[in-house]
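Enquirer: I'd like to ask you about the structure that follows.
The values are calculated or read from the model by the stated rules, or taken from the named source; none is laboratory data. No experiment lies behind these values; they were computed from the predicted model shown. Every residue, glycine as well, gets a Cβ built from its backbone with ideal geometry; the counts of neighbours run over all protein chains shown.
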Amino acid sequence: MMKLGFCGSVDIAADVKAWGYDYIELALSPLAQMSEEEFAAVRQKLQASGLPCLACNIFLPRSVPVVGPAVDREACIRYAETAVARAAAIGAKVIVFGSSGSRNVPAGFPYSRALAQLRDFAGIAAGIAARHEITIVMEPLNATESNIMNRVSEALVMMLAVDHPNFKVLADTYHMDIEHESLNALQMAGPDLRHIHVSTFLGRKIPLASDKVQLAALMQMLKAIGYQGNVSIEAGFREDQAAEAKEALAVLRELL
């Protein structure tokens, strides 16, 4: 059954559990750059919360470029090995590959070469992820945030080029709205759609009962394609964190 999660830091894991969510989605880049002692403290805090971390976002930091003239392939591999191992250590099954700072194409750099570099790294990362039974999902980011991989349809093309069972696709309703990409893109993705991020279009806030029509359309499409992944809220609060988080969860559960 589809699980509902919330994106945030380990510091709010206990709150996310109290709000009723099934899991938390943590940022991987900070975890990958921690000392062993710091990472152990995160694991301890997560365990104490009683909430699993089923997914991680922000795969790569800006300091580890995978596109452009400054790419250090061996450094990228070393980073991916560490990051994926740490994601596995906290129980994550999905790693979200957004990371605009790492994948953006530098000015003047050939776009075709950037695509080739991105494909190369994605294949390497997927191979590493496979050893840990983790799936990497390509996150399309809107054109104000990234100049490559802006639409679900483009992520699908990249997925086909990588051709690895542990490299699939994510859809984020916020980025889809900005790119004017319809929910039909999810139908095109079909079984290759493995993770979802949701928020409001205006302000990227937590979706509430007033956003039920849009959420209903999304959930109806996910049911139609037999979606087997999970849904994470990736959004900011308005005023009352607990009340908003609980309301969003109630609306989503009603639509399951």
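Conditions tested, residue by residue: (1) surrounded by fewer than 15 Cβ atoms within 10 Å (Cβ to Cβ); (2) farther than 23 Å from Val169 by Cβ; (3) among the polar types (S, T, N, Q).
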position: Gln47; (1), (2), (3): yes, yes, yes
position: Leu51; (1), (2), (3): no, yes, no
position: Phe59; (1), (2), (3): no, no, no
position: Ser63; (1), (2), (3): yes, yes, yes
position: Val84; (1), (2), (3): no, no, no
position: Ala114; (1), (2), (3): no, no, no
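Enquirer: Part of a loop (DSSP other than H, G, I, E, B), at pLDDT 95 or above and polar (S, T, N, Q), is that true of Ser232?
Expert: In short, no.
Enquirer: Right, another one. Please pick out the residue among Phe97, Phe39 that is under 19 Å from Asn150 (Cα atoms), surrounded by 15 or more Cβ atoms within 10 Å (Cβ to Cβ) and of a type in the set (Phe, Trp, Tyr). Step through it out loud before you land on a result.
Expert: Numbers: Phe39 fails: under 19 Å from Asn150 (Cα atoms).
Exactly one residue qualifies, and that residue is Phe97.
Enquirer: Could you please let me know if Ile124 is under 14 Å from the mean Cα position of the chain (by Cα) and aliphatic (A, V, I, L, M)?
Expert: no
Enquirer: What helices (runs of 4 or more DSSP H) completely inside segment 143-193 contain at least 1 residues that are free of Cβ contacts under 8 Å to residues at least 12 places away in the same chain and closer than 22 Å to Phe59 by Cα?
Expert: Working: elements: 152-162, 173-178, 184-189.
Ranges flagged: 152-162.
Enquirer: Among the residues of segment 1-11, which ones are buried (at least 18 other Cβ atoms within 10 Å of the Cβ) and without any contact (Cβ under 8 Å) to a residue 60 or more places away in the chain?
Expert: Gly8, Val10
Enquirer: Given the structure, is Val162 among the β-branched types (Val, Ile, Thr), at negative phi and in contact with a Gly (Cβ under 9 Å, 6 or more places away or on another chain)?
Expert: yes
Enquirer: Out of segment 165-175, which residues are out of contact with any strand residue (DSSP E or B) (no Cβ under 6 Å at 6 or more places or on another chain) and surrounded by 18 or more Cβ atoms within 10 Å (Cβ to Cβ)?
Expert: Within segment 165-175, Tyr174, His175 qualify.
Enquirer: Follow-up question, since we're still on this one. What pairs come up if the first residue lies in segment 51-62 and is in contact (Cβ under 8 Å) with a residue 60 or more places away in the chain and closer than 14 Å to His195 by Cα, the second is buried (at least 24 other Cβ atoms within 10 Å of the Cβ) and charged (D, E, K, R), and their beta carbons are under 7 Å apart, counting only those six or more places apart or on different chains?
Expert: Pairs that qualify, where the first residue is in contact (Cβ under 8 Å) with a residue 60 or more places away in the chain and closer than 14 Å to His195 by Cα and the partner is buried (at least 24 other Cβ atoms within 10 Å of the Cβ) and charged (D, E, K, R), are Ala55/Glu25; Asn57/Glu25.
Enquirer: For segment 133-148, state whether one or more residues are touching a helix residue (DSSP H, G or I) at 6+ places or on another chain (Cβ under 7 Å), closer than 17 Å to Gln214 by Cβ, of a type in the set (A, V, I, L, M, F, W, C) and buried (at least 22 other Cβ atoms within 10 Å of the Cβ).
Expert: Within segment 133-148, not a single residue is touching a helix residue (DSSP H, G or I) at 6+ places or on another chain (Cβ under 7 Å), closer than 17 Å to Gln214 by Cβ, of a type in the set (A, V, I, L, M, F, W, C) and buried (at least 22 other Cβ atoms within 10 Å of the Cβ).
Enquirer: Could I ask something else about it? In segment 199-214, which residues are free of Cβ contacts under 8 Å to residues at least 40 places away in the same chain and outside any loop (DSSP other than H, G, I, E, B)? Quick ask: steps written out before the conclusion?
Expert: Of all residues in segment 199-214, those free of Cβ contacts under 8 Å to residues at least 40 places away in the same chain come to 199-205, 210, 213.
Result: Lys205, Ser210, Val213.
Enquirer: Quick check on my filter: what residues within segment 123-132 are surrounded by fewer than 22 Cβ atoms within 10 Å (Cβ to Cβ) and in contact with a helix residue (DSSP H, G or I) (Cβ under 7 Å, 6 or more places away or on another chain)?
Expert: Scanning segment 123-132 gives Gly123, Ile124, Ile128, His132.
Enquirer: Against the definition (free of Cβ contacts under 8 Å to residues at least 40 places away in the same chain, closer than 16 Å to Leu141 by Cα, surrounded by fewer than 13 Cβ atoms within 10 Å (Cβ to Cβ) and not basic (Lys, Arg)), how does Gly226 come out, yes or no?
Expert: Judged against the criteria, Gly226 is not a match.
Enquirer: Given the options Ile124, Ile90, Ile148, name the one that is aliphatic (A, V, I, L, M) and within 26 Å of Gly5 (Cα to Cα). If you could, list the steps in order and put the result at the bottom.
Expert: Working: Ile124 fails: within 26 Å of Gly5 (Cα to Cα); Ile148 fails: within 26 Å of Gly5 (Cα to Cα).
Just a single option satisfies the conditions, and that option is Ile90.
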